[in-house]
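Take a look at the structure below.
The values are calculated or read from the model by the stated rules, or taken from the named source; none is laboratory data. Just so it is clear, the model here is predicted, and its values are computed rather than measured. All Cβ positions, even for glycine, are placed from backbone atoms using ideal geometry, and neighbour counts span all protein chains on display.
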Amino acid sequence: MACIDMDAFFASVEEASNPKLKGRPIAVIGAKERTVVTTCSYAARHLGVKTGMSKFEAKKICPNLILVVGNNRKYTYVSKEIMNYLITITPDVEVYSIDEAFVNLENINVDPESFAYLVKSYIYQRFGITCSIGVGINRFIAKLASTVSKPDGYCFVKKEDIIDFIDNFELKDLWGVGKHLTKKLNNMGIFNTADIRVFGKERLSRLFGKSGEYLYKIACGVYEELANKKNTVKSIGHSITLVENKPSLEICHNYLLQISDMVSQRARKYKLAGKTICLYVRYANFENSMKRCTLPFFTSATHHIYDTSLILFDKIAIPEKNIRQIGVSLSGILEKTVIYSNLFDKKNWEKIYNAVDKINGKFGSSTITYASVLNCERKGALTISPSWKPTGVRNINIK
Ligand code: TTP
Ligand code: MG
């Protein structure tokens, strides 16, 4: 299995399209006043700039930093072209995110090194950008290997070296091991993959159930693909960073409606319905709160998602604090189904949603929207998620 990940993707595309930027410290940012660094060139990284910093913070650290407003069209075009190229080598390609793909090398008659050379040459010659390629026995090893010698890296992990290779990483670098779990493990005296193996499969399973078993397996380099994992959608979500300073409760509710509508429009577009609604609020001081609620019915309707997220919002949000970001996601997904109304609705919403979706589909996503959404200074998805894919639905989990 090979994992291909573009280096500083958005920044590299910008550098390639403007020779004046070549080799300079650049950061790609959004179009609005309050915006963060989406990614930055390796020259900028060496000077301390990081993804997620505000543009002011980044400029303070690196006064020579060149800020470039991102252009999603360019990135999605380059991404699609690269993914289409990979498919010409083998159809067994999984597009994992906007700049990342897994390619199964098992059934093609090419050794990993030649494959890496071929792909790197194509991408560089066609787009003037570099990528890093990791190759290993499974997706987990390949993904880790793609990160070790960035930029323009290549790393092939042989079967006999897997344990030594894995032991170089921190727990937080492993797939599926978040901050929370890392903390729990640290409290138990487990700091690395070697500690996990010593702790043992039985004890980990007893304490963490299936996740414990998973942990033990990845610490041994074993990663099992889930059947049908490729095409199943776990959740769909959107979040918006508010531009208003200390937004009023009313403005927050208007944003909530806008985001709920974006989520449900996408659910309807891709014929999905969901049961669990999760609301996420982030404050200017970077504190977060999150709450979810599972409904007794499946839905793809804006009014159900909005009503539920409103209840969640009123439960957890502290409007006196400066709310900076609100996110809503829909999970517990049922595929190939659109549900507009339920037994408790006084009217059948199907015709209304169909008409609105048709018009928005033809003339742009918020040609018809709710009047109160017009009060929001920021509209729609202005940034592109790293989990964007050339086809199908984005699979975003709000963290
Ligand atoms: P990454 O592959 O995570 O980052 P990268 O390609 O910029 O850098 P690296 O060399 O470390 O792989 O993400 C791919 C692109 O997705 C990135 O260029 C910008 C975008 N992106 C966002 O829009 N928001 C984010 O939070 C992140 C992490 C990335
Ligand atoms: Mg990348």
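Can you name the strands (runs of 3 or more DSSP E) wholly within the stretch 12-110 that have at least 2 residues being in contact with an Asp or Glu (Cβ under 7 Å, 6 or more places away or on another chain)?
Strands (runs of 3 or more DSSP E) meeting the threshold: 26-29, 100-103.
Looking only at the stretch 132-164, count how many residues are in a helix (DSSP H, G or I) and either closer than 14 Å to residue 7 by Cα or within 16 Å of ligand 1 (Cβ to nearest atom) (or both). Spell out the reasoning first.
From the stretch 132-164, those in a helix (DSSP H, G or I) are 139-148, 159-164; that's our starting set.
In the following step, the residues that additionally are either closer than 14 Å to residue 7 by Cα or within 16 Å of ligand 1 (Cβ to nearest atom) (or both) were identified as 139, 142-148.
Count: 8.
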Which one of the conditions (1) of a type in the set (Val, Ile, Thr); (2) touching a residue at least 60 places away in the same chain (Cβ under 8 Å); (3) more than 16 Å from ligand 2 (Cβ to nearest atom); (4) more than 30 Å from residue 169 (Cα to Cα) does residue 137 fail to meet, given that it meets all the rest? (4)
Any idea which of 90, 39 is out of contact with any Gly (no Cβ under 8 Å at 6 or more places or on another chain) and away from ligand 2 (no atom under 16 Å from the Cβ)? 90
Scan 43, 2, 11, 31 and give me the residue that is touching a Lys or Arg at 6+ places or on another chain (Cβ under 8 Å), of a type in the set (A, V, I, L, M) and either surrounded by fewer than 22 Cβ atoms within 10 Å (Cβ to Cβ) or under 22 Å from residue 148 (Cβ atoms) (or both). 43
If you go through 121, 97, 54, the only one that is under 14 Å from residue 3 (Cβ atoms) and either in contact with a Phe, Trp or Tyr (Cβ under 7 Å, 6 or more places away or on another chain) or of a type outside the set (Val, Ile, Thr) (or both) is 97
Test: residue 354 is assigned to a helix (DSSP H, G or I), surrounded by 12 or more Cβ atoms within 10 Å (Cβ to Cβ) and at pLDDT below 90: no
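Looking at the stretch 318-369, which of its residues are among the aromatic types (Phe, Trp, Tyr) and touching a Ser or Thr at 6+ places or on another chain (Cβ under 7 Å)?
We begin by selecting, within the stretch 318-369, every residue among the aromatic types (Phe, Trp, Tyr); these are 340, 344, 349, 353, 363.
Result: 340, 349.
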Enumerate the pairs (first residue in the stretch 337-361 and touching a residue at least 24 places away in the same chain (Cβ under 8 Å) and of a type outside the set (Ser, Thr, Tyr); second residue anywhere and loosely packed, with under 12 Cβ neighbours inside 10 Å and assigned to a loop (DSSP other than H, G, I, E, B)) with beta-carbon separation below 7 Å, excluding pairs fewer than 6 apart on the same chain, so at least 6 apart or on different chains. 360/367
Within the stretch 49-69, is there a residue that is at pLDDT 95 or above, crowded, with 21+ Cβ neighbours inside 10 Å and within 16 Å of ligand 2 (Cβ to nearest atom)? yes
Somewhere in the stretch 173-194, is a residue surrounded by 14 or more Cβ atoms within 10 Å (Cβ to Cβ), within 24 Å of the chain's Cα centre (by Cα) and not in a helix (DSSP H, G or I)? yes
When (1) within 15 Å of ligand 2 (Cβ to nearest atom); (2) surrounded by fewer than 20 Cβ atoms within 10 Å (Cβ to Cβ); (3) in a helix (DSSP H, G or I) are applied to residue 126, the one that fails is (1)
Here the qualifying pairs (Cβ atoms under 6 Å; residues six or more apart or on different chains; first in the stretch 33-55 and closer than 22 Å to residue 285 by Cβ and more than 11 Å from ligand 1 (Cβ to nearest atom); second in a loop (DSSP other than H, G, I, E, B) and modelled with pLDDT under 95) come out as 34/243; 55/35
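Just the residues that are in contact (Cβ under 8 Å) with a residue 40 or more places away in the chain and either surrounded by fewer than 17 Cβ atoms within 10 Å (Cβ to Cβ) or under 14 Å from residue 151 (Cα atoms) (or both), please, taken from the stretch 112-121. Steps first, answer last, please.
Residues of the stretch 112-121 in contact (Cβ under 8 Å) with a residue 40 or more places away in the chain: 112-113, 115-116, 119.
Of everything in the stretch 112-121, those that are in contact (Cβ under 8 Å) with a residue 40 or more places away in the chain and either surrounded by fewer than 17 Cβ atoms within 10 Å (Cβ to Cβ) or under 14 Å from residue 151 (Cα atoms) (or both) turn out to be 113, 116.
Condition check ((1) in contact with a Phe, Trp or Tyr (Cβ under 9 Å, 6 or more places away or on another chain); (2) in contact (Cβ under 8 Å) with a residue 24 or more places away in the chain; (3) surrounded by 15 or more Cβ atoms within 10 Å (Cβ to Cβ)) across all residues:
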position: 262; (1), (2), (3): no, yes, yes
position: 275; (1), (2), (3): yes, yes, yes
position: 279; (1), (2), (3): yes, yes, yes
position: 284; (1), (2), (3): no, yes, no
position: 303; (1), (2), (3): yes, yes, yes
